[in-house]
Amino acid sequence: MAAWLIPAVQAILPLVGQIVSSTLPVFTTRKPDAPVQDPAGVLQQQITELQTAASQNALHVKELAEQLQRTVAALEAGATVAESRFRRLMALAVSALALALAALGVALFALFLR
């Protein structure tokens, strides 16, 4: 499994319940068989609910942005560690190649001197 996937999933999982509950219908609706008593009152209540939902959505977006920022920072830190490991392994591989070529040169030199 990719190393970056675990922190991303851990950051997202706590919010799944909130996302699901926020997608359920929460607004006042008119029932077709119920008589309309005060259309202006219902309209005002719907406007109030929409404003409340918009402010809650803004808060959720802000929280998600902060979590995304933390996730990106963690990914960048992981990439830095991976890059340093890669450079170290590349230096080890180059030194191993140089040592192997030196050993080959010594072996060929010893072979031709006999």
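Please treat every number below as a calculation from the coordinates, not as lab data. A quick note: this is a predicted structure, and the numbers were derived from the prediction, not measured.
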Relative to the compact-globule scaling 2.2 N^0.38 Å, provide the ratio for the alpha-carbon radius of gyration of the stretch 50-114. 2.59
Could you calculate the contour length gain from GLN46 to TRP4, that is, 0.36 nm times the residue separation minus the distance between their Cα atoms, to one decimal place in nm? 10.9 nm
